[in-house]
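Enquirer: Sending over a structure as structure tokens; questions will come in a sec.
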Amino acid sequence: MAKLSIKDLHVLVGNKKILNGINLEINDGEVHALLAPNGHGKSTLLAVLMGNPNYIVEKGEVLFNGVDLLKLSVDERAKAGLFLAMQYPMTIPGVSVSDFLKSAINAKSEKPISLYKFIKTLEEACQDVNLPLDMVHRPVNEGFSGGEKKRNEILQMLVLKPSLALLDEIDSGLDVDAIKIVASAVNKLRENPLFSAILVSHYARLFQLITPTHVHIIINGEIIANGDFSLIEKIDKNGYDWIKAEYGVDINKKVLPVSLENCGVKR
Amino acid sequence: MVNYDQNGSYIHKLSQGDLRIDTNLLITLTLVFDVFDTQIKIDLKENSSLIVYYVLKEIKPFNFTNVIVLEKNSNYTGYLLDLNEGDSNIIIEIKQKSLSNASFYSGIIADKNDKKILETKFYNEENNSVSYQQNYGIVRNNASLFIKGLGKIEKGAFNSNNRQDSRLIIFDENSKGKIEPLLFIDENEVQASHSSALGRINEDQIFYLQSRGLSKEEAKKTIIKGFLAPLLSRINNYEINLVLKEKLNYEF
């Protein structure tokens, strides 16, 4: 039995169909890379797996370790071992990173963590993502730079030790050194043979640092190609234009709202 | 009439009556309420300073009026937390003479059909008087909360300053919240301002906290604690801390 099994998953946002029948299986120890042009459903898939209420599952099945994931609440999914590192992490004013993480750890365990163990855990995680320890006394993501927010997501992942991490563009907004730090933290979790991840990114650089075991391309809400690292190299070199010729799939460009005119602009 | 004539910290159970703080004293007062209707008048004599912690026990409904008169060069700071279940109607009325300084901080949670009203009235009656109030409100589960803040700078109260800030978050569609700041100015050389923010809870914040394992209720409590944090960080009072621990599982 696969750890995560997604069958024919169809998802809507409002009236708009985003996912059109995703099928995917993930086992322990695997890292799956998801690539797609903007607006084709990568982030949607991760958000739906975590249970974001903004998305409506029209049909399909998702089993996590044999349990119907779609029937679980968001926190039950987290307690079952899922973790979503978000592309745009939320700010929680007035709540320190430290208090937040302590609540999160205690929510997942039967006995509250001892203060000594908690501080040691935080120290180690802060070192791993190269953030100063006093950062944990600041309110969650408030006043954080883009890079600090991303590293804070990885810090939380290291502390909470999920069995399936969903990493949504964790490299966006990071400089070259920070990407290496984040990748090294993810690779540290990979030392656990039970750890698996779905990794979304637009850039080959991240996948060079966190080598995926499987690679998938999503177009128009469907996985149209599966492969290995060579798929990433091909996209990095040629973009997505070859998809139509090779797979006969038209890439629907994301429709952006049209700006007719600027108003309130002083010239 | 209770007359305070020595410096110190006092805990007082009160129903109604008058308190007087003698000149040049520095008093910290914890007022514990255990009756439904309470009216208290506090007189601060010249050069005196008073810090008041209002501790509300389980009283339903709670009607409270506190009139505070600040004589010349006196200081008042009040901290009021109303986290009780049940309706409440709280009136804080402050009259300030010259060079006096008054600050009032409140946090109110209206939950489960509660109907709560906080009405503050700050009168800068004489010159160089400074008043400031900061109110935080949370409304959830079909409750309502109305924060009405009046600031009035009288003729002759030049160089006075009257400021109020109020914040309110509403958790659900069936709950109602309203902030009504009013400023009346009868003198030219003064400063007066108000700010109000009222909005719904951000569902994305709840999702974020839940995605780390907190239940929906824990997530909401965490957001409440964060919202009240600027207020709670100012409070250092054993009796209020006990209430916070019980009501919000908040520990210092």
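The values are calculated or read from the model by the stated rules, or taken from the named source; none is laboratory data. Keep in mind the model is a prediction, meaning the values are calculated, not measured. Heads up, the Cβs are rebuilt from the backbone with ideal geometry, glycines too, and the neighbour counts pull from every protein chain shown. Note: accessible area is taken over every heavy atom of the protein model, side chains too, but ligands, DNA and RNA are not part of it. Shrake-Rupley method; radii C 1.70, N 1.55, O 1.52, S 1.80 Å.
Enquirer: Scan region B:24-39 for residues that are crowded, with 17+ Cβ neighbours inside 10 Å and modelled with pLDDT under 90 and report the count.
Expert: 5
Enquirer: Mind checking which residues of region B:116-126 are more than 13 Å from the chain's Cα centre (by Cα) and open to solvent by 40 Å² or more (accessible area, probe 1.4 Å)?
Expert: Selection gives B:Tyr123, B:Glu125, B:Glu126.
Enquirer: Related question: Kindly indicate whether B:Asp172 is at pLDDT below 95, surrounded by fewer than 19 Cβ atoms within 10 Å (Cβ to Cβ) and within 14 Å of another protein chain (Cβ to nearest Cβ).
Expert: Values: at pLDDT below 95: yes; surrounded by fewer than 19 Cβ atoms within 10 Å (Cβ to Cβ): yes; within 14 Å of another protein chain (Cβ to nearest Cβ): no.
Taking the combined requirement at face value, the residue does not satisfy it.
Enquirer: For A:Ser201, work out the one condition from (1) within 19 Å of A:Ile6 (Cβ to Cβ); (2) open to solvent by less than 10 Å² (accessible area, probe 1.4 Å); (3) not β-branched (Val, Ile, Thr) it doesn't fulfil.
Expert: Of the numbered conditions (1) within 19 Å of A:Ile6 (Cβ to Cβ); (2) open to solvent by less than 10 Å² (accessible area, probe 1.4 Å); (3) not β-branched (Val, Ile, Thr), the odd one out for A:Ser201 is (1).
Enquirer: Of these, B:Pro230, B:Pro181, which one is of a type outside the set (S, T, N, Q) and within 14 Å of another protein chain (Cβ to nearest Cβ)?
Expert: B:Pro230
Enquirer: For region B:59-76, which residues satisfy the criterion of being open to solvent by less than 20 Å² (accessible area, probe 1.4 Å), β-branched (Val, Ile, Thr) and farther than 18 Å from B:Lys97 by Cβ?
Expert: B:Ile59
Enquirer: Hey, another quick one. Are there any helices (runs of 4 or more DSSP H) wholly within region A:94-172 with 2 or more residues that are within 14 Å of another protein chain (Cβ to nearest Cβ), farther than 30 Å from B:Arg167 by Cα and open to solvent by less than 40 Å² (accessible area, probe 1.4 Å), and if so which?
Expert: Qualifying helices (runs of 4 or more DSSP H): A:146-160.
Enquirer: Taking the conditions exactly as written (surrounded by fewer than 19 Cβ atoms within 10 Å (Cβ to Cβ), at the interface with another protein chain (Cβ under 9 Å from one of its Cβ atoms) and in contact with a helix residue (DSSP H, G or I) (Cβ under 8 Å, 6 or more places away or on another chain)), does B:Ser211 satisfy them or not?
Expert: The answer is no for B:Ser211.
Enquirer: Would you check if there is a residue in region A:6-21 being under 19 Å from the mean Cα position of the chain (by Cα) and among the polar types (S, T, N, Q)?
Expert: no
Enquirer: Within region A:230-240, count every residue that is open to solvent by less than 50 Å² (accessible area, probe 1.4 Å) and over 19 Å from the mean Cα position of the chain (by Cα).
Expert: Of the residues in that region, 4 qualify.
Enquirer: Right, next: Would you say B:Ile147 is out of contact with any helix residue (DSSP H, G or I) (no Cβ under 9 Å at 6 or more places or on another chain), on the phi < 0 side of the Ramachandran plot, among the aliphatic types (A, V, I, L, M) and part of a loop (DSSP other than H, G, I, E, B)? Even if it seems obvious, please write down each step before you answer.
Expert: Details: out of contact with any helix residue (DSSP H, G or I) (no Cβ under 9 Å at 6 or more places or on another chain): yes; on the phi < 0 side of the Ramachandran plot: yes; among the aliphatic types (A, V, I, L, M): yes; part of a loop (DSSP other than H, G, I, E, B): no.
Judged against the criteria, B:Ile147 is not a match.
Enquirer: What residue, among those in region B:84-115 that are within 15 Å of B:Phe33 (Cβ to Cβ) and part of a strand (DSSP E or B), is most open to solvent (accessible area, probe 1.4 Å)?
Expert: The qualifying residue most open to solvent (accessible area, probe 1.4 Å) is B:Asn89.
Residue-by-condition table, conditions (1) in contact (Cβ under 8 Å) with a residue 24 or more places away in the chain; (2) in contact with a Phe, Trp or Tyr (Cβ under 8 Å, 6 or more places away or on another chain); (3) acidic (Asp, Glu):
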residue: B:Leu56; (1), (2), (3): yes, yes, no
residue: B:Ile59; (1), (2), (3): yes, yes, no
residue: B:Phe62; (1), (2), (3): yes, yes, no
residue: B:Ile68; (1), (2), (3): yes, yes, no
residue: B:Glu71; (1), (2), (3): yes, no, yes
residue: B:Asn75; (1), (2), (3): yes, no, no
residue: B:Asn84; (1), (2), (3): yes, yes, no
residue: B:Ser88; (1), (2), (3): yes, yes, no
residue: B:Asn101; (1), (2), (3): yes, yes, no
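Enquirer: Next question. Restricted to region B:139-169, and to residues that are within 21 Å of B:Glu119 (Cα to Cα) and aliphatic (A, V, I, L, M), which residue is surrounded by the fewest Cβ atoms within 10 Å (Cβ to Cβ)?
Expert: Per the stated criteria, the residue is B:Leu150.
Enquirer: Might you check whether a residue that is open to solvent by 60 Å² or more (accessible area, probe 1.4 Å) and aromatic (Phe, Trp, Tyr) occurs anywhere in region B:42-58?
Expert: Checked against the condition, which is being open to solvent by 60 Å² or more (accessible area, probe 1.4 Å) and aromatic (Phe, Trp, Tyr), region B:42-58 yields no hits at all.
Enquirer: So in region A:48-64, with the set limited to residues that are part of a strand (DSSP E or B) and closer than 14 Å to A:Ile18 by Cα, which one is farthest from the other protein chains (Cβ to nearest Cβ)?
Expert: A:Lys59
Enquirer: Can you name the condition, by its number, that B:Glu189 falls short on among (1) facing chain A (nearest Cβ under 9 Å); (2) more than 22 Å from the chain's Cα centre (by Cα); (3) open to solvent by 40 Å² or more (accessible area, probe 1.4 Å); (4) of a type in the set (D, E, K, R)?
Expert: (1)
Enquirer: Which members of region A:70-90 meet the condition of being surrounded by fewer than 22 Cβ atoms within 10 Å (Cβ to Cβ), under 19 Å from B:Gly213 (Cβ atoms) and more than 8 Å from chain B (Cβ to nearest Cβ)?
Expert: Hits for region A:70-90 are A:Leu70, A:Lys71, A:Leu72, A:Glu76, A:Ala80, A:Gly81.
Enquirer: If we keep just the residues of region B:233-252 that are touching an Asp or Glu at 6+ places or on another chain (Cβ under 9 Å) and under 15 Å from B:Leu80 (Cα atoms), which is farthest from the other protein chains (Cβ to nearest Cβ)?
Expert: B:Asn241
Enquirer: Turning to a different aspect of this structure: Can you tell me which residues in region A:206-221 are surrounded by fewer than 19 Cβ atoms within 10 Å (Cβ to Cβ) and outside any helix (DSSP H, G or I)?
Expert: A:Thr211, A:Thr213, A:Asn220
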